[in-house]
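Report on the following structure.
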Amino acid sequence: MRSPDMSPERLRDAERTRAEILAVATTEFAERGYSGARVDEIADRTRTTKRMIYYYFGGKEQLYIAVLERAYAQLRDAEQTLDVEHLDPVAAIRELAELTFDHHEAHPDFLRLVAIENIHRAEHITRSTVLASINTRAVDLIARILRRGHEQGVFRREVDPLDVHMLISSFCVFRVANKHTFSAIFGRDLGERSRRPHYRKMLGDLVVAYLTTADGVNARPRRAARARANSAQTRRTRTPA
């Protein structure tokens, strides 16, 4: 909706206004849900008008979809900053897990938006033209790490990158999204700062253990035991009767 003859300064102003609207709308939708959020309230909390919000986004639903796209893109962009090609596969997958842990903790509104969209059975996400491609990057990144890990013999073969993504996400989402009910039922605050290093390391350990085990037995010790058995068998066959 930008005029082709818009000056650079006006263009920057438009981008700032759009970013401000998205930031405020993120909070409004996360706090009140899609049905409860009001465009009037978003306009009141920004330096613009309801008319301008409709000008930039077209309507409430389009604004909500733009909020979802921005929230997912922020996480996917953060993942792409990992220099996984210069890390060994175990370190790379652990760093990815820890980055997800940190991001979810720092962006609780993202998790609220995801929960709200699940209540709506993803009816708005399916209308986005970019969300599928945005999130494909996460699975592609994991696939690259897994491929290198398999080639180096540190990860087992039969691993679905999407399963690894689900494993990482489920731990991180549960810890933030369920912390209030978990605390009320079990008396433990999952967000307590002193426990943070423990849970962050636990996540990395879980993912690495899943990738380096076969049939529930650690792959490295298993290979070492097999090698010792083969060596012993070789010695026996060489011993004269």
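None of the figures in this text is laboratory data; all of them are computed from the coordinates on show. Please read all numbers here as calculations on a predicted model, not as lab measurements. Backbone-built Cβ (ideal geometry, glycine too); neighbour counts: all protein chains shown.
Odds and ends about this structure:
- Which of THR26, THR181, THR48 has the fewest Cβ neighbours within 10 Å, and the rest in rising order: THR181, THR48, THR26
- Note on LYS60: lysines with a C-alpha under 24 Å away, same-chain residues under 8 apart excluded, are LYS50.
- With R₀ fixed at 41 Å, the C-beta to C-beta distance from ALA132 to SER194 puts the FRET efficiency at about 0.55.
- Net charge contributed by nearby residues that have their C-beta within less than 12 Å of ALA78 (K/R +1, D/E -1): -3
- Summarising the amide proton neighbourhood of THR213: residues at separation of 5 or more, or on other chains, whose placed amide H is nearer than 5 Å comprise ARG156, ALA219.
- Among 202-211, 32-41, sorting by the average number of other beta carbon atoms lying within 10 angstrom of each residue, highest first, gives 202-211, 32-41.
- Across the stretch 5-159, the mean sequence separation of Cα contacts (distance under 8 Å, 6 or more residues apart), normalised by length, yields a relative contact order of 25 percent.
- Relative contact order of the stretch 69-238, defined on C-alpha pairs under 8 angstrom at six or more residues apart (%): 28 percent
- Bridgeable lysines around LYS201 (alpha carbons under 28 Å apart, same-chain partners fewer than 8 residues away excluded): LYS179.
- Ranked TYR64, TYR55, criterion: other C-beta atoms within 10 Å, fewest first: TYR55, TYR64
- Alpha-carbon centroid distance for the pair the stretch 141-178 / the stretch 70-101, whole angstrom: 11 Å
- Whether the stretch 129-212 is rounded, prolate or oblate, judged on the alpha carbon gyration tensor where a/c under 1.5 counts as rounded: oblate
- Shape category assigned to the stretch 138-179 from the gyration tensor of Cα positions, a/c cut at 1.5: prolate
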